[in-house]
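Notes to accompany the following structure.
The values are calculated or read from the model by the stated rules, or taken from the named source; none is laboratory data. Just so we're clear, the structure is a prediction, and the values are computed from it rather than from any experiment. Here Cβ is always computed from backbone atoms with ideal geometry, including for glycine, and neighbour counts include all displayed protein chains.
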Amino acid sequence: MLLLYFIFPLTATGREQSSRPICYNSNVNATHFAIAFVSSLVPAIFWLWFWLREDKKNPEPILLIIITFIAGMAVVPLALPLQRLAIDIYDGDNLIYVWVIIEEVLKYAMALTVIFWNRAVNEPIDMVIYMIAIALGFSVLENTLFVLNPLAVGDYINTALTGSFRFLGASLLHVLSSSTIGVFLAFSYYKSNTVKLIAGMIGLCVAIVLHALFNFFIMDASGETILAVFLFVWIGIIILFLLFEKIKQTELAHHL
């Protein structure tokens, strides 16, 4: 979901931005933030552990995974001012699409800047693993912001529901979109730099489309429709599992 939903309310149409920005609830304090952060961090660590098992034969350095995870969180404060700026330029569907572009471009740029030059990134599957770590780090801080307001006003049921839905939906959506870039980079790992560049750009475009589709559908969803949107994400995750195996086979074939 979009970072600025918790700052800028939408009208009943779900696509038309309200002209009156709102801020955090005045009841928010350090304790609320800590609870929201921990409740978002624990599920993300579970997903990170879950995906790291795919690379258990040649595991990545824990320190580098932690750095990548934190780098993903750092994308949030970078994205927020750009998304605020976009509000003055775009509206409606165009605004939502631009927000998605900002998030996906920044996550990929962070991976290129902080991680992909490291010598530890030495096999195709690493491209996917580190993009997932970036995505999960991003989702931690984003989810924290989403559960902060209902938590601050004592709406614990809504807090639990929001956290649960984001654990099963939005967090996996970030994994799916970012890992898409990683998959394209993985399959071009042994190709020329030009091919890698093109593959990364194609992966980024696909990631943006996937993320945008999720946002457009989830905004108008209710009841069974929400389950259908989540099913879209879960099917994508299943496909990601299959692509993990294909990448592993590609790596084995390269060394034969």
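I'd like the residue in segment 167-207 that is of a type in the set (Val, Ile, Thr) and surrounded by 19 or more Cβ atoms within 10 Å (Cβ to Cβ) and, out of all such residues, is farthest from the chain's Cα centre (by Cα). If you could, list the steps in order and put the result at the bottom.
Here is the first cut: in segment 167-207, the residues of a type in the set (Val, Ile, Thr) are 175, 180-181, 183, 194-195, 198, 202, 206.
Subset that is surrounded by 19 or more Cβ atoms within 10 Å (Cβ to Cβ): 175, 180-181, 183.
Numbers: Val175: 5, Thr180: 11, Ile181: 12, Val183: 15 Å.
Among those that are of a type in the set (Val, Ile, Thr) and surrounded by 19 or more Cβ atoms within 10 Å (Cβ to Cβ), it is Val183.
Name the residues in segment 78-134 that are over 24 Å from Leu172 (Cα atoms) and touching a His at 6+ places or on another chain (Cβ under 6 Å), would you?
Going through segment 78-134, the residues over 24 Å from Leu172 (Cα atoms) turn out to be 81, 84-92, 117-120, 122.
Of everything in segment 78-134, nothing turns out to be over 24 Å from Leu172 (Cα atoms) and touching a His at 6+ places or on another chain (Cβ under 6 Å).
Can you tell me how many residues within segment 58-73 are of a type outside the set (Ser, Thr, Tyr), in a helix (DSSP H, G or I) and in contact (Cβ under 8 Å) with a residue 40 or more places away in the chain? Reasoning before the result, please.
Initial filter on segment 58-73 (of a type outside the set (Ser, Thr, Tyr)): 58-67, 69-73.
Then drop every residue that is not in a helix (DSSP H, G or I), which leaves 62-67, 69-73.
Checking the rest, the ones that are also in contact (Cβ under 8 Å) with a residue 40 or more places away in the chain come to 64-65, 67, 69-73.
Residues that pass the stated criteria total 8.
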| message | If I filter segment 107-122 for residues that are over 23 Å from Val76 (Cα atoms) and touching a helix residue (DSSP H, G or I) at 6+ places or on another chain (Cβ under 6 Å), do I get at least one hit? | response | yes
| task | State the number of residues belonging to segment 79-120 that are touching a residue at least 12 places away in the same chain (Cβ under 8 Å) and either surrounded by 15 or more Cβ atoms within 10 Å (Cβ to Cβ) or in a loop (DSSP other than H, G, I, E, B) (or both). | result | 28
| message | Looking at segment 39-50, I want the residues that are farther than 15 Å from Ile70 by Cα and have a partner that is small (Gly, Ala, Ser) and at pLDDT below 90 with Cβ atoms under 6 Å, at least 6 apart or on another chain. Which pairs are those? | response | Ser39/Gly163
| For segment 184-230, which residues satisfy the criterion of being touching a Pro at 6+ places or on another chain (Cβ under 7 Å) and aliphatic (A, V, I, L, M)? | Ala186
| Quick one: in segment 27-46, which of the residues that are surrounded by 16 or more Cβ atoms within 10 Å (Cβ to Cβ) and among the small types (Gly, Ala, Ser) is nearest to the chain's Cα centre (by Cα)? | Ala44
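Conditions (1) in contact with a Gly (Cβ under 9 Å, 6 or more places away or on another chain); (2) at pLDDT below 90; (3) not basic (Lys, Arg), marked per residue:
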residue: Leu204; (1), (2), (3): no, no, yes
residue: Leu210; (1), (2), (3): yes, no, yes
residue: Gly223; (1), (2), (3): no, yes, yes
residue: Ile235; (1), (2), (3): no, no, yes
residue: Leu242; (1), (2), (3): no, no, yes
residue: His254; (1), (2), (3): no, yes, yes
